[in-house]
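Enquirer: First, the structure itself, so that you have it in front of you.
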Amino acid sequence: MSELTLFSDRSSDVLLHTQDRALIERELKRRGIGFERWLTQTRLDQSAGQEEILAAYKHDIQRTQARGNYPTVDAIRIQPDHPERATLRQTFLNEHTHSEDEVRFFVEGHGLFCLHLGDEVIQVLCKASDWISVPAGTRHWFDMGPEPEFCAIRFFCNPSGWVADFTGDSIASRYPLLTTPASPL
């Protein structure tokens with residue numbers, strides 16, 4: 001089940017924590033973040049590559065592309081045995097922005113989006129079937145945990161794909177991280 005946790009950007013004290021889907025959607029919408037629940041109709045083999053994943057979700061991809069300028073689409077799958085998991089995790093844990101919207105559809109597993117919006121930090125635990133759209137310029141970081149296991153379809157307007165502008169702010173170090181797959185926060 002998806003979760004939303006709200007903090008002040010000055011303290012890691014929890015101001016709101018909920019698994020209520022309607023409340024999560026309302027709170028995020030109020031802050032300009034898109035969040036929806038889609039069906040994950042296809043059970044993919046663990047060895048499925050990018051082409052297979054994109055083919056399985058062709059209609060969902062077309063639907064998202066029709067909603068925005070996202071000509072570039074890829075799939076990222078990271079599992080606990082990924083040889084670069086620690087390096088990737090550290091990269092994503094640094095607060096950054098993008099010059100384009102960050103749009104993701106979680107096909108499998110889970111990941112923690114952390115959004116630094118004004119004087120708030122909002123953590124959104126995204127799970128399979130969650131679709132999230134973080135507007136361009138939003139300060140954020142992402143945690144896939146020490147033993148990551150997720151597959152997400154990523155949408156880009158930039159043909160180069162994922163390009164981050166790191167803020168240099170160490171704020172991410174002051175908030176909870178994913179600890180284990182069974183215990184996400």
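Enquirer: V103 passes all but one of (1) in contact with a strand residue (DSSP E or B) (Cβ under 8 Å, 6 or more places away or on another chain); (2) at positive phi; which number fails?
Expert: Of everything listed in (1) in contact with a strand residue (DSSP E or B) (Cβ under 8 Å, 6 or more places away or on another chain); (2) at positive phi, V103 misses just condition (2).
Enquirer: Across segment 110-163, which residue is surrounded by the fewest Cβ atoms within 10 Å (Cβ to Cβ) among those that are of a type in the set (D, E, K, R) and in contact (Cβ under 8 Å) with a residue 60 or more places away in the chain?
Expert: Selected residue: D119.
Enquirer: While we're looking at this one, here's another question. Given the conditions (1) in contact with a Leu (Cβ under 9 Å, 6 or more places away or on another chain); (2) touching a residue at least 60 places away in the same chain (Cβ under 8 Å); (3) surrounded by 12 or more Cβ atoms within 10 Å (Cβ to Cβ), which single one is not true for L54?
Expert: The number of the failed condition is (1).
Enquirer: Could you list all residues from segment 106-127 that are modelled with pLDDT of 95 or more, over 11 Å from the mean Cα position of the chain (by Cα) and under 21 Å from Q19 (Cβ atoms)?
Expert: L117, E120, V121, I122, listed by residue number.
Every residue, every condition in (1) touching a helix residue (DSSP H, G or I) at 6+ places or on another chain (Cβ under 9 Å); (2) not acidic (D, E), yes or no:
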{"residue": "R104", "(1), (2)": "no, yes"}
{"residue": "L115", "(1), (2)": "yes, yes"}
{"residue": "E120", "(1), (2)": "no, no"}
{"residue": "G137", "(1), (2)": "no, yes"}
{"residue": "I171", "(1), (2)": "no, yes"}
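Enquirer: Among the residues of segment 16-46, which ones are surrounded by 12 or more Cβ atoms within 10 Å (Cβ to Cβ), of a type outside the set (S, T, Y) and more than 26 Å from A136 (Cβ to Cβ)?
Expert: H17, D20, L44 - these are the residues of segment 16-46 that are surrounded by 12 or more Cβ atoms within 10 Å (Cβ to Cβ), of a type outside the set (S, T, Y) and more than 26 Å from A136 (Cβ to Cβ).
Enquirer: Looking only at residues in segment 60-70 that are assigned to a helix (DSSP H, G or I) and over 16 Å from F106 (Cβ atoms), which one is modelled with the highest pLDDT?
Expert: Checking each candidate, the answer is Q62.
Enquirer: Could you give me the residue pairs with C-beta distances under 9 Å whose first residue belongs to segment 77-95 and is farther than 15 Å from S47 by Cα, whose second residue is acidic (D, E) and not in a loop (DSSP other than H, G, I, E, B) wherever it lies, and which are 6+ apart or on separate chains?
Expert: That search, which allows pairs on different chains as well, returns R89/D143; F92/D143; L93/D143.
Enquirer: Tell me which residues, restricted to segment 78-109, are closer than 25 Å to E52 by Cα and surrounded by fewer than 17 Cβ atoms within 10 Å (Cβ to Cβ).
Expert: Residues satisfying the conditions are Q79, P80, D81, H82, P83, E84, L88.
The values are calculated or read from the model by the stated rules, or taken from the named source; none is laboratory data. This is a predicted model, so every value here is computed, not measured. Every residue, glycine among them, receives a Cβ derived from its backbone with ideal geometry; neighbour counts consider all protein chains shown.
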